[in-house]
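Everything on this sheet refers to the single structure shown next.
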Amino acid sequence: MSHSKRTIQLPSMTPGTARQIAVHRFGKAGARPKAYLQAAIHANELPGAMALHHLMPMLVEADRRGLIKGEIVVVPTVNPIGLAQLAGNNHLGRYEFLGRENFNRNWFDLSGEVAERVGSRLGANVQDNIALIRAAALQALGAMKPQNELQTLRVEVMKLSIDADIVLDLHCDLDAVLHLFMSRRDWPGAAGSLAADIGAEATLYNDPYPQALTFSGVNGALWARLADRFPNAAIPQACLSATVELRSQHDVNHPLGESDARNLYRHLVRRGIISGRAGKLPPLKAEPTPIAGMDVGYSPAAGILVYLVPKGAWVHKGTPVCEVIDPADARGPKARRQVLARTDGILFSGKQPGALAWPGAVVFRIAGAKVLAHRKGMSGLDD
Ligand SMILES: [Zn+2]
């Protein structure tokens, strides 16, 4: 039996308090391929933790039967700082209170430090380069001297993920269908089978790779950035790293948790991390689309938000997706401001119906195939 559980202790930030992160490991340390799965970096997003709750006993059973060939690291709730953010009977969890950062930004781009450490030794041998880069990235993390709790969390978590072959960061949106964010460099290949296995209803790719320093961004883009920096060295995209948005915050129940866990398990089998038969790849539900083709709807005013189209629906350019209603305006339909789709595509996410909208608030996202003039060069992220 290889399963082990340990805790990472984070430094105390206030007298009398200290937090820790539980880490599960299956398979032999150093065995390949290595998968790293975490949930709830945005701490009020628990569908991923639910999927891992159902996945872990499956891994325990696979371990008992000797089926785990690679290594699997599972961090069911990676952000105890955000988990503690209870305020006025609400659980917040997206932004750190101390520095006001989004928990899923400002992760470490290690490409510069890796280049300094081993750049001159990168050559024509792919396997040698992979080993050199992974070792240098771990050394760079080992040399960091984090000063506080959040920095320590980032360093310690990246030590678990940076040398993995596959990194899955499980999130959810406010009201959404299952969707994926990944890098163009991973498509079609491994990312195509991931999208099919988990049943993604939209897949959005950063082209060529994420510039924002999200957790999944930095793990995958390390390889892309080094490949760009050393074009004469054979540097593959050695880590498939994706942000998996497991639907809506409230989509937490046993049937969904179980089926998400089964899908993740099947993908680990397909990748050769667990032995077994993955079976035929399910059909892809949606072709991937570029981030620059993702239409983002913004509220034009303050008011009550109502949707005219369900999440997951295909919409055409010009379709009214939602309305923002001025509650103080007595003119009925004239009190409603519509927000229209500006592309053809899948309405994959938005806020909950009945939420308050304010000027500039993101009210929906649509995955469209065509690059949009008003989205070109913009990040996929609004906060
Ligand atoms: Zn999130």
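Tabulated values for the structure
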read-out	value
Distance between region 1-35 and region 108-140 - C-alpha centres, whole angstrom	25 Å
Accessible surface of Glu101 - all protein chains present, 1.4 Å probe, nearest 10 Å²	50 Å²
Gaussian network model of the chain, Cα within-10 Å springs - most flexible of Gly93, Gly257, Gly276	Gly276
Interchain or long-range residues, amide H under 5 Å from Arg247's placed H	Asp173, Leu178, His179
Fluctuation leader among Ala212, Ala302, Ala196 - the chain, Gaussian network, Cα springs under 10 angstrom	Ala302
Backbone HN-Hα couplings from phi across region 3-19 [Karplus 6.51/-1.76/1.60, Hz, Gly and Pro as x]	4, 9, 10, 9, 10, 9, 8, 9, x, 5, 9, 9, x, x, 10, 7, 10
Region 225-299-region 162-220 distance, computed between alpha-carbon centres (Å)	5 Å
By accessible area with a 1.4 Å probe, ligands and nucleic acids excluded, highest first: order of Asp207, Asp175, Asp344	Asp207, Asp344, Asp175
Helix 126-143 axis, angle to the chain major axis (alpha carbon atoms, nearest 10°)	80 degrees
Rounded tilt (10° steps) of 189-198 against the dominant C-alpha axis of the chain	60 degrees
Rounded accessible area of His254 (nearest 10 Å², 1.4 Å probe)	100 Å²
Rounded to whole Hz, the Karplus (6.51, -1.76, 1.60) HN-Hα couplings of region 339-354, x for glycine and proline	10, 9, 5, 10, 7, 8, x, 9, 6, 9, 7, x, 7, 6, x, x
Ranked order, Trp187, Trp358, Trp223 - accessible area, probe 1.4 Å, largest first	Trp358, Trp187, Trp223
Too-long pairs where the Cα-Cα distance tops 31 Å, listed order kept, from Lys5/Lys285; Lys69/Lys280; Lys69/Lys159; Lys5/Lys351	Lys5/Lys285; Lys5/Lys351
Nearest 10 degrees, 0 to 90: helix 254-270 Cα axis against the chain principal axis	40 degrees
Long-range amide H partners of Thr203 with built H, under 5 Å	Leu180, Thr289
Computed accessible area, Met58, all protein chains, 1.4 angstrom probe, square angstrom	60 Å²
Separation of the Ser2 and Ala302 label points, Cα + 7 Å toward Cβ, nm	5.7 nm
Computed over region 245-383, the ratio Rg/Rh where both radii use C-alpha atoms and Rh is Kirkwood	1.08
Protein-only accessible surface order, largest first, of Arg271, Arg65, Arg117 at 1.4 Å	Arg65, Arg117, Arg271
Per-q log10 I(q)/I(0), the chain, q = 0.10, 0.11 Å⁻¹ (Debye; single scatterer per alpha-carbon; no solvent)	-0.67, -0.81
For region 211-222, Karplus couplings with θ = phi - 60° (6.51, -1.76, 1.60), whole Hz, Gly/Pro x	8, 5, 8, 6, 4, 5, x, 5, 5, x, 6, 3
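The values are calculated or read from the model by the stated rules, or taken from the named source; none is laboratory data. Note that the structure is predicted; figures quoted are calculated from it, not measured. FYI the Cβ positions are ideal-geometry reconstructions off the backbone, even for glycines, and counts take in every protein chain you see. Remember, those area values only see protein heavy atoms, side chains included, never the ligands or the DNA or RNA. Shrake-Rupley method; radii C 1.70, N 1.55, O 1.52, S 1.80 Å.
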